[in-house]
Amino acid sequence: MAETSDTSAAPAAPAPSKLRMRWYTRQCIPTLENYLREVLAGRTDVDVNLSDSVEEQATTEAGIGDPTVSATTVQSASALQQCHDGHDVVFLDARAEPCIGADPEAFESQWAAERARQRAITTTAALMDALHVYGATKVGLFSAFGDDLTTQICQALAEQGVNALPVNLPHDSVGSATQVSTVIGSLLQQEPELHACVVLGAEPLLPVDIEQLECVHGLPVLDSATALLWQALRLGGGTGNPGAGTLLRDGMVRAQMQRICEDLLVSTGGDRTTLRIDIDKHGLHIDTPAAEAANSGVRHIRHEKSLHMRQLDTVAWLEAERSNLLQPDFGRPPFPPKALIEVYGVQAQMLGPVILDGHLTGFLSVHSLSQRAWTARDEAALNGARTAVESLLGRLGD
């Protein structure tokens, strides 16, 4: 019997999934469309549906005429309904959030539940998450939203431990990166220790503007529209964008590193964990922690830049041994830098090397503010975190 070949067509490969998002705004729709064309140029994996009629649409759909129903609740109900109407993520920008941070009860019943399922986003929540990823606790808040809304945002940030210094953006500076840069520069002369700049403009900054501002001032510049888009892409499983500022380029990577440090802090019961790493294309250098998690009251080391890590005895030991360094105390070499003990109060530590392609790319640390005998379970947690970082770096192609 002659052999016959199966001539039936092979099953077609599944089409790549597209992340569908609904963006409620009171900003100018054509302006946002121009912004999205710039940011998402060439991407076919994201579809954003803009709507500028939140209150009208919500009232019409729900038939609400009761003045006791807050506008926030109405908007939340309408936006959440859209989640079940073919959208993966919905979000409100600051102009569509009349009660940002000021009326949490209005959000909790309907909005917070969806946020917990990673489906709903507000400007303030997105900015808080972005600032957390960058370890920014002192920021300049440059706003064209008016005093009342800016004050509410500052209060909401303060509740999360972020000191926001508000500066009103002149109306003629909206959309002008040059004038925004001048205002940022003026504040930095007075407050040189800022960790980031938050820009809340009537129009979103274009990617080229954000890149220029970050290059000039040496700080992350977090635009409200960019923060929303970053959070939506992150929660929806999308990828970042090169050439669109540090948040869209690096924020997703930093968020994963931050989560690794937070998990390591919990699993070891340490007082502080850090990850220091060299990844040039994501603006990360071993001398400044890429991520840090710390217990309440523990001094942060995130923005300390005075030490040259690869010149330290402990890091030289990691380079030579390529294994974990467990120090229950500092009575024998290799000795840590004096500042770690005298300024940051560390009395014991674990260091775990991060190796990629045979090179010491960075290291994880677990700090204790008291002398401590590290256990096998502690070291297993450190090894798990090392594996997670090295896996992440492998996916990045570094």
- Note on the structure: When D287, D250, D129 are ranked with the fewest other C-beta atoms within 10 Å first, the list becomes D287, D129, D250
- Query: List the trypsin sites (Lys or Arg not before Pro) in the range 314-374 that DSSP assigns to loop (not H, G, I, E or B) and whose Cβ has at most 15 other Cβ atoms within 10 Å. Which are they?
  - Reply: R322
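Multiply the residue gap between R395 and V167 by 0.36 nm, knock off their C-alpha separation, and tell me the result in nm, one decimal place. Provide the component values of the computation, followed by the final result.
Details: separation 228, 0.36 × 228 = 82.08 nm, distance 4.00 nm.
Full-extension gain reported as 78.1 nm.
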- Rounded to a whole number of µm²/s, how large is the Stokes-Einstein D of the range 208-356 at 20 °C and 1.002 mPa s, given Rh as the Kirkwood radius over C-alpha pairs? 125 µm²/s
- Spin-label point model (7 Å from Cα, Cβ direction): what's the S323 to C215 distance in nm? 4.7 nm
- What's the FRET efficiency of D280 with T375 using the Cβ-Cβ distance as r and R₀ = 56 Å, to the nearest 0.05? 0.95
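Sort S306, S267 so the one with the fewest other Cβ atoms within 10 Å of its own Cβ comes first.
On the way: S306 8, S267 17.
If I rank by nearby Cβ atoms, fewest first, I get S306, S267.
So which trypsin sites (Lys or Arg not before Pro) in the range 205-295 end up in coil per DSSP with only 11 or fewer other C-beta atoms within 10 Å?
Numbers: sites: R234, R249, R254, R259, R272, R276, K281; in loops: none.
Passing both the DSSP loop test and the Cβ count: no residue.
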- Under the 7 Å Cα-to-Cβ spin-label approximation, E33 and K138 lie apart by a distance in nanometres of 4.4 nm
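Using 0.36 nm per residue of separation minus the Cα-Cα distance, give me the extension gain between H308 and Q179 in nm, one decimal. Let's see the in-between values first.
Working: separation 129, 0.36 × 129 = 46.44 nm, distance 3.59 nm.
Extending this stretch completely gives an extra 42.8 nm.
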- What's the percent breakdown of Cα-Cα distances in the range 310-380 across 5 Å bins, shortest bin first? 4, 16, 29, 26, 17, 7, 2, 0
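A short reminder: the numbers here are calculations on the coordinates, not readings from a lab. As the structure is a computational prediction, the values presented were derived from the model and not from experiment. With ideal geometry, Cβ positions are generated from the backbone for all residues, glycine too; neighbour counts draw on all protein chains shown.
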